[in-house]
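Following: one structure in structure tokens, then a few remarks.
The values are calculated or read from the model by the stated rules, or taken from the named source; none is laboratory data. Since the structure is predicted, the reported quantities are computational estimates derived from the model, not experimental observations. We place every Cβ from the backbone using ideal geometry, glycine too, and count neighbours over all the protein chains shown.
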Amino acid sequence: MNPSTIGNGYVVIAALLWGTTGTAARLAPALSPITIAAVAMGIGGLLQALLAWSAITTSLSLLAKQRRLLVSGACAVAIYPLAFYSAMDFAGVAVGTVVSIGSAPLFSAFIENRLERSPLSKQWWLGAIIGVSGIILLAQNPHSTTHAASDSAIHFITGIGLGLVAGLTYAFYSWTARNMMMQGMTSRAAMGATFGLGGLLLLPLLVYTGAPLLHAWRNAAVGGYMALFPMCVGYLCYGAGLARIKSSVATAITLLEPVVAALLAVMVLNEALSPSAWLGIALIVGSLGVIAWPTRRITA
């Protein structure tokens with residue numbers, strides 16, 4: 001099977017798992033966005049490092065040579081969940097996820113063009129335009145979230161801004177991990193070290209805000225699910241995908257995540273979506289076929 005097809009499949013699995021995080025977080029309302037971020041990426045990151053420990057220890061010399069990429073990527077890993085879960089808290093699950101993940105491919109393309117001078121294919125641009133059009137329709141849905149409906153405009157705009165921060169940091173750590181792999185490091189070592197260090201940075205916040213995790217079994221179950229499945233298994237799949245495809249393509253495929261998040265928000269959290277939002281979902285799904293399975297590469 002074509003390596004790019006396998007890589008695309010890994011990233012699709014990751015996106016499906018990530019799409020469940022917003023709804024899962026809402027099932028434990030006693031947990032703050034900071035606590036959710038700290039337990040999900042903190043514990044999840046350390047689990048990734050533990051599973052990749054042998055690969056990390058055999059790559060210590062490469063990690064030392066690429067310490068700037070490692071440290072900057074780990075900082076982005078620590079910032080991302082704080083911005084992401086706060087965006088959903090301020091703007092709602094559907095809109096927060098759409099802005100966070102939907103902006104990542106654009107930030108990824110900007111990073112690659114600025115830091116690598118890497119051109120993007122016409123096919124990628126076509127898929128990106130379709131996907132971004134869908135994101136705009138979905139984000140403009142006036143009934144996408146019951147949480148934000150009663151909040152002020154400033155509150156909602158803050159959520160949008162935090163979503164953009166999440167999209168930028170997500171694109172950046174994808175780029176750093178991909179570059180570490182391109183310089184000879186295995187995906188397990190690159191992702192394990194990056195997320196392990198990022199998880200360590202989040203541990204103080206987990207200690208400071210994590211008491212509610214022990215107050216009810218539901219809180220502990222949600223925290224455990226977030227750390228094990230979306231953050232650990234999801235990012236293991238994402239790392240395997242990044243080893244086979246460009247980070248801009250990988251982040252574009254994850255446009256599937258806000259679709260899953262929106263559908264779960266409707267079915268589980270009773271958030272409402274307008275007809276234009278459903279059209280946006282259809283466009284996002286259509287963009288995946290254009291971006292993720294290119295038939296040939298034509299540079300712009």
- Query: Can we say Gly127 is modelled with pLDDT of 75 or more, under 29 Å from Ser247 (Cβ atoms), crowded, with 21+ Cβ neighbours inside 10 Å and in contact with a Pro (Cβ under 9 Å, 6 or more places away or on another chain)?
  - Reply: yes
- Query: Which residues, counting only those in the range 204-242, are among the small types (Gly, Ala, Ser) and assigned to a helix (DSSP H, G or I)?
  - Reply: Ala211, Ala220, Ala221, Gly223, Gly224, Ala227, Gly234, Gly239, Ala240, Gly241
- For Gly92: the one exception among (1) at pLDDT below 85; (2) on the phi < 0 side of the Ramachandran plot; (3) surrounded by 20 or more Cβ atoms within 10 Å (Cβ to Cβ): (2)
- Restricting attention to the range 96-124, which residues are crowded, with 24+ Cβ neighbours inside 10 Å, under 14 Å from Ala250 (Cα atoms) and among the aliphatic types (A, V, I, L, M)? Ile101, Ala104
- Query: Before we move on, is Thr20 surrounded by fewer than 23 Cβ atoms within 10 Å (Cβ to Cβ) and closer than 20 Å to Met181 by Cβ?
  - Reply: no
- Query: Restricting the first residue to the range 103-118 and requiring it to be within 11 Å of Thr169 (Cα to Cα), which pairs with a second residue that is at pLDDT 85 or above and surrounded by fewer than 21 Cβ atoms within 10 Å (Cβ to Cβ) meet a Cβ separation below 9 Å and a spacing of at least six or different chains?
  - Reply: Ser103/Leu164; Phe107/Leu164
- If you take the residues of the range 39-89 that are assigned to a helix (DSSP H, G or I), of a type in the set (S, T, N, Q) and in contact (Cβ under 8 Å) with a residue 24 or more places away in the chain, which of them is surrounded by the most Cβ atoms within 10 Å (Cβ to Cβ)? Gln48
